[in-house]
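What follows is a single structure, written as structure tokens, with notes after it.
Only the coordinates and a few stated rules stand behind these numbers; no lab work does. What you are looking at is a predicted structure, and each value in this text was computed from that prediction instead of being measured. Here the Cβ positions follow ideal geometry from the backbone for every residue, glycine too, while neighbour counts run over all protein chains shown.
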Amino acid sequence: MPIDPAPLPSDPPTATALKLFVVLSRAQAAVAAHAEASIAIHGLTITEFAILEALYHKGPMLLGEVQRKILVSSGGITFLVDKLERRGLVERTRCERDRRARYAALTDAGHALVARIFPAHAEAIRRAMSGLGLADQRQAIALLKTLGTEAVGLAPVVATETPETERSPAGD
């Protein structure tokens, strides 16, 4: 016998927040698909391109700075920079102030690649965002910055129950 669906929360703040989350997630996925497609044709993932683009626009950066800028783990940044280094697009150099730290910098080949593909990538993103006019885009930027800043400042919710998948079967 089918189980009846549970009702959605009816209080306006929760219902609206849930709707915003879904709409925001779908919009991000739709725009990201355009960005990813504009990069994939060059044999890069969007994260690899994010590293190249950061170095292209900011110059050499400590690996930790790149990691924070593109939001990957420390292990992830090492793996990605290793891949880009093997392809001859990025090189590592020592930090004179801290011998443990390393800079990542574009090679000449990496710089040339980003210079060649960035304009089309920027156009793909501009096109994907064209559903909003310039004023609406600026307003969305301000609203989303506020949303992100406030969300980062909140303490995470701690689960009070053990998830079903972690509970022991009866009789153990």
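Worth pointing out:
- Relative to the longest principal axis of the Cα atoms of the chain, the long axis of helix 46-58 lies at roughly 50 degrees.
- The lysine pair count for the chain, using Cα distances under 19 Å and pairs eight or more places apart or on different chains, is 4.
- Ellipticity estimate at 222 nm from DSSP helix runs (n ≥ 4, -39,500 (n - 2.57)) divided over the chain, nearest 500: -20500 deg cm²/dmol
- Cα-based helix-to-principal-axis angle, 12-40 vs the chain, degrees rounded to 10: 30
- Approximate spin-label separation Glu36-Ala135, in nm, with each point projected 7 Å along Cα-to-Cβ: 3.5
- Taking the average, over residues, of other Cβ atoms within 10 Å as the packing measure, peptides 124-133, 79-88, 94-103, 46-55 rank 46-55, 79-88, 124-133, 94-103 from highest down.
- Dimensions in Å of the chain - Rg and Dmax from alpha carbons: 21.6, 69
- Using Cβ point charges alone (K and R +1, D and E -1), the dipole size of the chain about the Cα centre works out to roughly 860 debye.
- As a proxy for reagent exposure, ranking Val23, Val157, Val72 by other Cβ atoms within 10 Å from fewest up yields Val157, Val23, Val72.
- Across the chain, the relative contact order, built from alpha-carbon pairs under 8 Å that are at least six residues apart, equals 19 percent.
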